[in-house]
Amino acid sequence: MPMMPYVSPEQAMKDKADFARKGISRGRSVVALTTENGLLFVAENPSATLHKVSEIYDCIAFAAVGKYNEFEQLRVAGIRLADVKGYQYSRDDVTGRALANAYANAMGATFTDSPKPLEVELLVAEVAEDDVELYHILYDGSITDEENYVAIGGSAEAINEALKSRFEPGMDRATALRTTVAALQEVEEREMVADRLEVAGLDRALGRRKFFRLSEDDIAGMLS
């Protein structure tokens, strides 16, 4: 009977991490940027129906890069979790931090226990009356809270560096969009046109549901 080659736990974890990072790096980046009234997500996405950015609950949004079928399963699971908690207790009990922790636990368990890790990277954002909470969850369940802006995906490090000199607190929606697109164009070295951009976000000035999504015409108007 042939013997299976021994692989140390450390090497197995490293191999899974490399596999996940390689899969995520093939995807186009998503950028989150705080604005005067909330948060703006900007993603390079030619599809009009397969969204990278979505609403989860009243004032909570979700963005992802990586394998679409994997992060879509996580998005749906997050909506169900939020709906059940809001129904059983109160809508105010549904928080971005609790949802981000649930995603981190699920992704961490998959990374540890499954032969194949999830090839996804997530952002969970919640807008309150006077601040924005933004959580970044990696493929292995690691979670960090971000301030002002963050990019995830293939060119994230370079985009974050490009945003460092451009970001200003309290920008309006149009200025935030132009700032983000300028950083994307600098890093990717190509023009970002409206029909290849997905732009959505959270605006505390809206009603109970804070999520919005911009049309192609809205995006083109703001960029021009």
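The values are calculated or read from the model by the stated rules, or taken from the named source; none is laboratory data. Since the structure is predicted, the reported quantities are computational estimates derived from the model, not experimental observations. A quick note on method: Cβ atoms are made from the backbone with ideal geometry, for glycine too, and the neighbour counts reach across all protein chains shown. Surface areas here come from the heavy atoms of the whole protein model, side chains and all, with no ligands, DNA or RNA. Shrake-Rupley method; radii C 1.70, N 1.55, O 1.52, S 1.80 Å.
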Structure-based [θ]222 nm, the chain - -39500 (n - 2.57) summed over DSSP H runs of at least 4, per residue, nearest 500: -13000 deg cm²/dmol
Theoretical FRET efficiency, 1/(1+(r/R0)^6), r = Cβ-Cβ of Asp113 and Arg26, R0 25 Å, to 0.05: 0.55
The range 1-80: chymotrypsin sites (Phe, Trp or Tyr not before Pro) in DSSP coil with no more than 15 other Cβ atoms inside 10 Å: Tyr6
Local electrostatic count at Met222 - Lys and Arg +1, Asp and Glu -1, tallied over other residues with Cβ under 9 Å: +1
Once exposed loop trypsin sites (Lys or Arg not before Pro) are cut out (DSSP; at most 14 other Cβ, 10 Å), longest piece of the chain: 27-189
Portion, in percent, of the accessible area of the range 1-124 that falls on carbon or sulfur, probe 1.4 Å: 57 percent
All lysines inside 26 Å of Lys16 as judged from Cα atoms, apart from same-chain residues fewer than 8 positions distant: Lys52, Lys67, Lys116
Percent breakdown of C-alpha pair distances by 10 Å bin, ordered from the shortest bin, for the chain: 8, 33, 35, 17, 5, 2, 0
Helix 173-188 vs. the chain, principal-axis angle (Cα, 0 to 90°, nearest 10): 50 degrees
Residue-span extension gain [Thr49 to Thr144] - 0.36 nm each, minus C-alpha spacing: 31.3 nm
Only Lys, Arg (+1) and Asp, Glu (-1) charged, at Cβ; the chain dipole about Cα centre in debye: 620 debye
Residue-normalised accessible area of the range 85-207, given per residue in Å² at a 1.4 Å probe: 50 Å²
For the range 125-213: relative contact order, % (alpha-carbon pairs under 8 angstrom, 6 or more apart): 21 percent
Helix 96-113 vs. the chain, principal-axis angle (Cα, 0 to 90°, nearest 10): 30 degrees
Set of aspartates and glutamates near Lys22 by C-alpha distance (under 13 Å), chain-local residues within fewer than 8 positions excluded: Glu119, Glu121
Residue with peak Gaussian network fluctuation, the chain [Cα springs, cutoff 10 Å], from Ala125, Ala205, Ala77: Ala205
Dipole axis of the chain (+1 Lys, Arg; -1 Asp, Glu on Cβ), positive-most option in Ala183, Asn45, Ala12: Ala12
Near-label residues of the range 101-145 by backbone N, under 20 Å of a point 7 Å along Cα→Cβ of Gln11: 112-117
Options Thr112, Ser224, Leu163, ranked by Cα towards positive dipole end of the chain, top entry (Cβ charges): Thr112
Solution diffusion estimate, µm²/s, Stokes-Einstein, the range 142-224, Kirkwood Rh from C-alpha pairs, 10 °C, viscosity 1.306 mPa s: 113 µm²/s
The range 6-74 - Rg over Rh from alpha carbon coordinates, Kirkwood radius: 1.10
Rounded if a/c under 1.5, otherwise prolate or oblate - the range 119-171, Cα gyration tensor axes: oblate
Carbon plus sulfur fraction of accessible area for the range 160-223, probe 1.4 Å, in percent: 43 percent
